[in-house]
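Every read-out reported here was derived from the displayed coordinates using simple, explicitly stated rules and does not represent laboratory data. All values derive from a computational prediction rather than experimental measurement. Backbone-built Cβ (ideal geometry, glycine too); neighbour counts: all protein chains shown.
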Amino acid sequence: MSEQAIEFIQQLINGLSLGAIYALIALGYTMVFGVLRFINFAHGDVFMLGAFSGFYVGPRVLLFFGNKPGYGAAAVVLLVSMLICAVLGVIIEKLCYKPLRERPKITVLITAIGVSLFLESFGQYIFGANPQAFPTLIEDVAIDLPQSWGNFTALTVTTGQVIVLGTTLALMLILTVIVLKTKIGMAMRALAYNPTACALMGVNNNFVISFTFGLGSALAGAAGILTSIQQPSIDPLMGILPGLKAFVAAVLGGIGNLGGAVLGGIILGIVETLVVGYVSPTYRDAVAFAVLILILLLRPAGLLGKNVREKV
Amino acid sequence: MRLSILLTGILTLTANFAARAQNEIPVGEFASLTGGSASFGQSSHKGTQLAVDEINAAGGVLGKKLRLIAEDDQSLAGQPATIMRKLISQDKVVAVLGEVASSKSLEAAPICQENKVPMISPASTNPKVTEVGDFIFRICFIDPFQGTVMSKFALSNGYKKVAVLTDVKQDYAVGLAEFFTKHFTANGGTITKEQKYSTGDKDFKGQLTSIKAGKPDAIFVPGYYGEVALIARQAKQLGIKVPLLGGDGWVGDSLLKVAGNALDGSFFSSHFSAEDKSPATQEFVKKYQAKYSAVPDDMAALGYDSAMILAEAIKRAGGTDGAKLRDAIAATKSFKGITGVITIDEKRNASKSAVIMTIENGAMKFLDTVAP
């Protein structure tokens, strides 16, 4: 195995772990779009709130676990942060989006942008504008690959990356089970298809919408914790760029399509890492937007999306 | 009757303001008190404030108290220019202290030069800052010197092959990398790889993977502490065992909090060490600790010196007239500052020693002093 091949595989691993984060956030965008037909631009800031939930909850949980970082502590912090973000998501929906449900879509869109700005500024006011050090929940170190893997031992896979990939897979499995096998999941799919018919069928639309928001926000919160484990420097503006890139990932995969969000996230993560590694690190952020332009020009419905004709 | 009462009132108020203005010397300061490089601004501001309080407690300058007007540029480009205009036109400051970051100094300097308001930067090391005009000064060393300090250190420690990882968004980092590379390659060293990143980036695994492949003896990272901490962590994760080398941009309170033990065994150059045993330094450290319950870093010491030098220059100029004050600052000779003996040369820079610091067990430790 040549050195270049090893380097390429290394970049793929890095890209996959980055893509998993984008996928988690993109799932929230896509679910809300599927159910409400609007892009919740404040979603990236829920990611930031997840990281800060972990920042405040983390030390207390660690105390409970004898101040030693470990998987137990990390799991508890993850679940608590997901819960906090779910609640916050539902509150945001009830306060800011529900009253505007009968209004034109552009009104809600601009409100979403306003909520995003509010969360960022309020975050800077409450948490302070300076970057803070996220508490160590698990030691993010490189794993010693078994010698029998031969040349592959030159690869670096960190515990953080493994946790991110593992947790993302687990969360996606749980999400799939919820959406495909539960009643509330069926209600979500039905609502995405036709809200009026849903109401006629006796579904409590408001509850399903709140549930969708809560679920999406919980995933964003999880992404916030997983990112902070790997990059322990958090600040109130950290959600802007990942939020935008996850939005691009959702569009890339086909907005409204859950599998598309995952696919889009992974593709975007890998492409971004490859461009940084082989072209130039300064183009890192430009990649996402170049991808957005390309996909809208070539295949606006997204990779897995279908062009749905609106029947009048 | 009513009109005369109104007039008396207005006259009394204006008289009060005039009296207050006559009894005070407004001095402007701009620093990054919040944001990605908040440590720089908060430290330098604390040092500056300590000096101003000391001066005012001793009676002020020429019988008048100094009024320090500090503004926050939030570590964002574009803010220094706005702040400078406000300080000069609204607050009518006689001089400006700032900034630590060279990019921000470069942004504000032309405005000070245009309005003939002297500007003293405590810690901007990029040579371009004082080249803006004759009203712009600095009291620290410049990067052509700092680059050679680290380069000589690397060569003398046997690091013949070095990779360079530069922050392309900061004039400071780009300049320092240039000067390091020039001296290093001219004296027998080779640069294995040059990689770049931007301020605010969080992931450097791509660049580090590429650097690791070149098998360097050390990696030169002349950036700011926020990114350096993350770079050190990720380098350790990728199995990079060679030390990191850096400059005074590493001095930030969150550097070691975020990096943990990942920076152990690395080296960087800077202006000041609180471990220095000289009585002046120890007295300064005591005063600073009494007021702020923290140990002062370079930026605090330089902030302190910049305010002290300005006050002394105002005394020598006998007033705050722009041109006279500028000449007085330019004539600063052998000023005994906390960070060294400061003489402003004809290029409006100071020629001072650098200190080399290392990091052991997650704490900074003084290693050596290097004279120019």
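When a/c is below 1.5 the answer is rounded, else prolate if a/b is larger than b/c, else oblate, so apply that to the stretch B:306-372 with a ≥ b ≥ c taken from the square roots of the Cα gyration tensor eigenvalues. Write down the numbers at each step before the final one.
Working: a/c = 3.84, a/b = 2.56, b/c = 1.50.
Prolate.
Along the Cα→Cβ direction, 7 angstrom out, place labels at B:Gln90 and B:Glu178. What is the inter-label distance in nm?
3.5 nm
Can you list which of the DSSP-assigned H helices in chain B have a Cα extent of 27 Å or more along the long axis and an average Kyte-Doolittle score of at least 0.0?
On the way: long enough: B:2-23 (31 Å, 0.69); B:38-57 (28 Å, -0.39); B:298-317 (28 Å, 0.49).
Counting only whole DSSP H runs, the qualifying helices are B:2-23, B:298-317.
Measure nothing but the geometry: give the 0 to 90° angle between the long axis through the Cα atoms of A:205-230 and the longest principal axis through the Cα atoms of chain A, rounded to 10°.
Taking the Cα atoms of chain A, the angle to A:205-230 is about 20 degrees.
Tell me the angle of helix A:258-278 to the major Cα principal axis of chain A, expressed in degrees between 0 and 90 and rounded to the nearest ten.
40 degrees
Could you tell me the center-to-center distance, by alpha carbons, between the stretch A:46-79 and the stretch B:297-372 in angstrom?
45 Å
Quick one: which of A:Lys98/A:Lys306; B:Lys286/B:Lys333; B:Lys202/B:Lys286; B:Lys104/B:Lys215 span more than 31 angstrom between C-alpha atoms? All intermediate terms of the calculation are to be shown ahead of the outcome.
Values: A:Lys98/A:Lys306 28 Å; B:Lys286/B:Lys333 27 Å; B:Lys202/B:Lys286 37 Å; B:Lys104/B:Lys215 35 Å.
With Cα atoms farther than 31 Å apart: B:Lys202/B:Lys286; B:Lys104/B:Lys215.
Which of the three applies to the protein assembly as shown, rounded, prolate or oblate, going by the alpha-carbon gyration tensor with a ≥ b ≥ c and a/c under 1.5 meaning rounded?
Cα axes put the protein assembly as shown in the oblate bin.
What does the helix-only formula give at 222 nm for the protein assembly as shown: each DSSP H stretch with n ≥ 4 adding -39500 (n - 2.57), the total divided by the residues, and the result rounded to the nearest 500 deg cm²/dmol?
Details: 24 runs with 384 residues, N = 684.
The helix contribution divided over the protein assembly as shown gives -18500 deg cm²/dmol.
Suppose the chain between B:Ala294 and B:Glu346 were pulled fully straight at 0.36 nm per residue; how much longer would it get relative to their current alpha carbon spacing?
15.1 nm
Counting only C-alpha contacts under 8 Å and six or more residues apart, can you give the relative contact order of the stretch B:143-270 as a whole percent?
Details: 237 pairs, mean separation 32.8, N = 128.
Reported relative contact order: 26 percent.
Using 14 Å as the cut-off for backbone N distance, which residues of the stretch B:318-339 belong to the label zone defined by a point 7 Å from the Cα of B:Ala58 along Cα→Cβ?
The answer is B:335-338, whose backbone nitrogens lie closer than 14 Å to the label point.
How do A:Trp149, B:Trp250 line up, fewest other C-beta atoms within 10 Å first? Mind dumping the intermediate values first?
Working: A:Trp149 10, B:Trp250 29.
Final ranking by Cβ density, sparse to dense: A:Trp149, B:Trp250.
Explain nothing, just the number: relative contact order of chain A, from Cα pairs under 8 Å at least 6 residues apart, as a whole percent.
Numbers: 498 pairs, mean separation 111.8, N = 312.
Relative contact order of chain A: 36 percent.
Using Cβ counts within 10 Å as a stand-in for footprinting exposure, how do B:Tyr159, A:Tyr56 rank, fewest first? Before the final figure, lay out the partial values.
On the way: B:Tyr159 21, A:Tyr56 14.
Listing B:Tyr159, A:Tyr56 from fewest to most nearby Cβ atoms yields A:Tyr56, B:Tyr159.
With only alpha-carbon atoms in the gyration tensor, what are the semi-axes of the equivalent ellipsoid for chain B, in Å, largest first?
Working: eigenvalues 329, 81, 72 Å².
Equivalent ellipsoid semi-axes, largest first: 41, 20, 19 Å.
Kindly express, to the nearest 10 degrees and within the range 0 to 90, the angle between helix A:284-298's C-alpha long axis and the longest C-alpha principal axis of chain A.
40 degrees
Quick check: from the Cα gyration tensor, does the stretch B:143-270 come out rounded (a/c under 1.5), prolate or oblate?
Working: a/c = 1.45, a/b = 1.24, b/c = 1.17.
Judged from the Cα gyration tensor, the stretch B:143-270 comes out rounded (a/c under 1.5).
Using Cα-Cα distances under 8 Å and only pairs 6 or more residues apart, what relative contact order does chain B have, in percent?
Working: 775 pairs, mean separation 63.9, N = 372.
RCO, chain B: 17 percent.
Which ordering of A:Leu263, B:Leu3 is given by a fewest-first count of other beta-carbon atoms within 10 Å?
On the way: A:Leu263 21, B:Leu3 7.
Ascending Cβ contact count within 10 Å gives the list B:Leu3, A:Leu263.
For the stretch A:111-186, what ratio Rg/Rh do Cα atoms give with a Kirkwood hydrodynamic radius? Each step should come with its number before you reach the end.
Working: Rg = 20.1 Å, Rh = 17.0 Å.
Here the Rg-to-Rh quotient is 1.18.
May I ask you to derive the FRET efficiency for B:Ala186 and A:Asn206 from their Cβ-Cβ distance with R0 = 51 Å, giving the value to the nearest 0.05?
Details: r = 72 Å, r/R0 = 1.41.
According to the calculation, E is roughly 0.10.
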